[in-house]
Ligand SMILES: Nc1ncnc2c1ncn2[C@@H]1O[C@H](COP(=O)(O)OP(=O)(O)OP(=O)(O)O)[C@@H](O)[C@H]1O
Ligand SMILES: [Mg+2]
């Protein structure tokens with residue numbers, strides 16, 4: 001592993017074959033600075049309108065939510081699983097992870113990050129490929145997580161190091177498509193893959209905007225949940241930005257309300273259809289008990305012409321937030337949001353009450369069919385019952 005601390009990092013936007021110079025990041029005395037390149041300013045493409053407006057001159061990172069880094073670049077940094085893999089690899093090479101600045105970490109992302117931003121100089125790390133199948137990757141993850149064996153850590157880093165999110169995952173090219181495949185962590189229910197796939201089927205039925213997803217078969221257990229990446233095809237990459245990065249809202253602390261998500265959606269997309277799309281996700285999360293609905297679980301995509309859209313929805317599954325509440329409150333209510341808050345949210349989002357009620361009823365009808373999606377996905381009887389009871393309680397108490 002070759003590594004030098006970075007003082008300056010060049011940022012590029014690479015939607016297609018040619019990379020476009022965006023600007024320079026610099027670090028001085030642990031303070032971060034960014035300056036757009038004049039050629040990029042001329043394009044008028046605002047990659048992060050709320051926290052990094054398009055303007056000339058040096059902009060200092062005065063907000064320490066992400067160690068002074070601007071949210072749009074923080075979105076490129078792996079957290080959870082990817083960060084753990086890099087840190088363990090560094091330790092293996094006698095490098096103290098604590099000595100890395102956020103710019104150093106961007107160099108490890110290099111050209112392999114999610115979305116369309118790339119960073120130079122790119123840190124070199126190579127790994128031999130030691131797996132032959134998803135089952136073998138799952139075994140390496142168990143060895144790493146449960147038995148603290150770091151023999152395969154560089155291989156795992158190569159496969160999933162630039163992804164974000166807590167759960168173990170890999171990024172793979174399969175049959176000319178780019179996939180993100182998730183594996184159970186040691187604390188997860190054994191059928192977590194099947195549960196997420198059943199939620200995908202349920203969300204599909206509820207007419208959410210979704211990436212293609214499937215359950216990859218596993219030798220042991222119910223399968224690995226895979227989702228086709230919407231930020232990349234073979235010839236194009238799409239700039240994606242999370243609500244966390246857009247608003248500088250740390251996803252580890254419950255810091256936002258769906259009101260902010262809806263307002264950001266209105267501001268960015270200026271399209272009522274996009275707002276209705278986002279609203280449907282909120283209703284689905286409330287009615288299906290998806291409470292790990294933190295600020296990194298909502299993203300927007302911008303095309304090279306500057307049009308923002310709500311991204312396909314991801315990480316839809318049975319989950320609980322802090323003390324069982326939603327990570328994102330619905331009009332101030334995190335514990336038990338219901339019809340009252342959902343209708344208030346519709347009002348501030350300029351969604352007509354009749355349209356909101358239609359969405360709520362459609363989603364309610366889909367989540368009421370949970371056992372049938374669970375059966376199709378191969379969810380265990382105990383998980384099916386647990387989730388069925390949780391959904392039934394939400395509907396009984398709040399609708
Ligand atoms: N289909 C997809 N296409 C592109 N990016 C995706 C897709 N699905 C997820 N992502 C990105 O990968 C990240 C991790 O995915 P996901 O949220 O499903 O993982 P997780 O480990 O379960 O997350 P969490 O830490 O929220 O539990 C997301 O925050 C999102 O940025
Ligand atoms: Mg997530």
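Derivation of every value follows stated rules applied to the coordinates shown; laboratory data play no part. Because the structure is predicted, anything quoted here is derived from the model rather than measured. Counting neighbours? That spans all protein chains shown, and the Cβs are built from the backbone with ideal geometry, glycine included.
Taking a point 7 angstrom from the Cα of residue 204 along the C-beta vector, which residues in the range 309-326 have backbone N less than 18 Å away?
Once the point is set 7 Å along Cα→Cβ of residue 204, 312-318 turn out to lie under 18 Å by backbone N, inside the range 309-326.
Under 17 Å from a point 7 Å along the Cα-to-Cβ line of residue 397: which residues of the range 306-331 have their amide N that close?
318-331
Multiply the residue separation of residue 177 and residue 131 by 0.36 nm, subtract the distance between their alpha-carbon atoms, and state the gained length in nm to one decimal.
14.6 nm
Rank by packing, highest mean first: peptides 38-51, 166-179, with packing defined as the count of other Cβ atoms within 10 Å averaged across residues.
Per-residue Cβ counts within 10 Å, averaged per peptide and sorted highest first, yield 166-179, 38-51.
What's the exposure ranking of 273, 296, going from fewest to most Cβ atoms within 10 Å?
On the way: 273 10, 296 22.
With the sparsest Cβ surroundings first, the list reads 273, 296.
Sorted from fewest to most neighbouring beta carbons within 10 Å, what does the list 64, 119, 199, 147 look like?
147, 64, 119, 199
According to a simple spin-label model (label point 7 Å from Cα along Cα-to-Cβ), what is the distance in nm between residue 124 and residue 42?
Going by the 7 Å Cα→Cβ label model, 3.5 nm.
Suppose we look only past 18 Å in the calculated P(r) of the range 46-154. What percent of the Cα-Cα pairs does that tail hold?
Working: 3464 of 5886 pairs.
I get 59 percent for the Cα pairs in the range 46-154 exceeding 18 Å.
Quick one: Cα centre-to-centre distance for the range 273-315 and the range 1-27, in angstrom?
The range 273-315 and the range 1-27 have Cα centres spaced 28 Å from each other.
Could you work out how much longer the chain between residue 368 and residue 3 gets when fully extended? Use 0.36 nm per residue separation minus the Cα distance between them, nm to one decimal.
This chain segment gains 126.1 nm when fully extended.
Going by how many other Cβ atoms sit within 10 Å of their own, how do 133, 295, 213 line up, fewest first?
133, 213, 295
Okay, which of the range 368-390 sit inside 12 Å, backbone N to the point 7 Å along the Cα-Cβ direction of residue 190?
380-383
Using a Förster distance of 41 angstrom, determine the FRET efficiency expected from the C-beta separation of residue 376 and residue 303, and round it to 0.05.
Working: r = 35 Å, r/R0 = 0.84.
In this case the efficiency is close to 0.75.
Let a ≥ b ≥ c be the square roots of the eigenvalues of the Cα gyration tensor of the range 344-399; is it rounded (a/c under 1.5), or, if not, prolate (a/b larger than b/c) or oblate?
prolate
Which shape class, rounded, prolate or oblate, goes with the range 141-282 when its Cα gyration tensor gives a ≥ b ≥ c as root eigenvalues, a/c under 1.5 marks rounded, and past that a/b bigger than b/c marks prolate?
Judged from the Cα gyration tensor, the range 141-282 comes out prolate (a/c at least 1.5, a/b above b/c).
Given the -39500 (n - 2.57) contribution per DSSP H run of 4+ residues, what per-residue ellipticity at 222 nm results for the chain, rounded to the nearest 500 deg cm²/dmol?
The per-residue figure over the chain is -11500 deg cm²/dmol.
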